[in-house]
Amino acid sequence: MRTIASARVAVLAAALLAFLFTGLLVTAPLLQQDGSILGWVVRAFGSTVCHQDAGRSLTVGGTPLAVCSRCIGLYAGGVLGLLAGGWMSAWRRPAPRALFFILIAPTLVDAVLPMTGLFGYEGLANLPRMLISLPAGGVCGWVLAIAIGDMMAGRAAARQEAE
């Protein structure tokens, strides 16, 4: 029982950290407008993981978020996946491999198809792009919950055997 509780706490702690990180990405424009150095640091970090194209980003107070709409959807979905995985003890179930590929497919199509020029598809608008990325991020968060839970449950079980 202790292994399940410690694994759940670890996954939910990761979800809290992911939530705080995602919150920083969303509030970075407001922090920048207030002159906070944190807003600039978050935006600089965002530039290492995202193209930050203002035309492909949601805005807060007229300023683009620190990452594009697809990235914010992936991060927000990841938070939800971690929460669900922690709540439901995801590591006690097999990884949803087939579901993973089904849920990331729309995001991949929206990302790759505009690069090919096929069918004249230019990509989704910002809000739909974010929404279509939520399930992909969610399943990634769920898989991360499985990995964290497995590590924690495994360590706790090894400690119990050693005692």
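The values are calculated or read from the model by the stated rules, or taken from the named source; none is laboratory data. Quick caveat, the model's predicted, so the values are computed rather than measured. When we count neighbours, we look across all protein chains shown, and the Cβ atoms used for this are built from the backbone with ideal geometry, even at glycine. The accessibility values were calculated without ligands, DNA or RNA, using every heavy atom of the protein model including side chains. Shrake-Rupley method; radii C 1.70, N 1.55, O 1.52, S 1.80 Å.
Yes or no: region 144-157 includes at least one residue that is over 20 Å from the mean Cα position of the chain (by Cα), more than 23 Å from residue 84 (Cβ to Cβ), open to solvent by less than 60 Å² (accessible area, probe 1.4 Å) and not acidic (Asp, Glu).
The answer is yes, given that some residue of region 144-157 is over 20 Å from the mean Cα position of the chain (by Cα), more than 23 Å from residue 84 (Cβ to Cβ), open to solvent by less than 60 Å² (accessible area, probe 1.4 Å) and not acidic (Asp, Glu).
Within region 42-61, is even one residue open to solvent by 30 Å² or more (accessible area, probe 1.4 Å), aromatic (Phe, Trp, Tyr) and over 18 Å from the mean Cα position of the chain (by Cα)?
no
Pick from region 28-41 the residues that are surrounded by 18 or more Cβ atoms within 10 Å (Cβ to Cβ) and either of a type in the set (Phe, Trp, Tyr) or in contact (Cβ under 8 Å) with a residue 12 or more places away in the chain (or both): which of them is nearest to residue 77 (Cα to Cα)?
Only one residue fits best here, namely 28.
Just for region 113-132: of the residues that are within 13 Å of residue 70 (Cα to Cα) and not small (Gly, Ala, Ser), which one is least open to solvent (accessible area, probe 1.4 Å)?
Applying the filter and picking the extreme gives 129.
With the condition kept exactly as written, say whether any residue in region 80-89 is over 17 Å from the mean Cα position of the chain (by Cα) and either at pLDDT 90 or above or not hydrophobic (A, V, I, L, M, F, W, C) (or both).
Within region 80-89, one or more residues are over 17 Å from the mean Cα position of the chain (by Cα) and either at pLDDT 90 or above or not hydrophobic (A, V, I, L, M, F, W, C) (or both).
I'd like to check something: does region 11-20 contain any residue that is in a loop (DSSP other than H, G, I, E, B) and free of Cβ contacts under 8 Å to residues at least 40 places away in the same chain?
no
Among the residues of region 114-163, which ones are at pLDDT 85 or above and farther than 30 Å from residue 8 by Cα?
125, 126, 127, 128, 129
Of everything in region 109-131 that's out of contact with any Lys or Arg (no Cβ under 8 Å at 6 or more places or on another chain) and touching a residue at least 24 places away in the same chain (Cβ under 8 Å), which residue is farthest from residue 80 (Cα to Cα)?
Result: 127.
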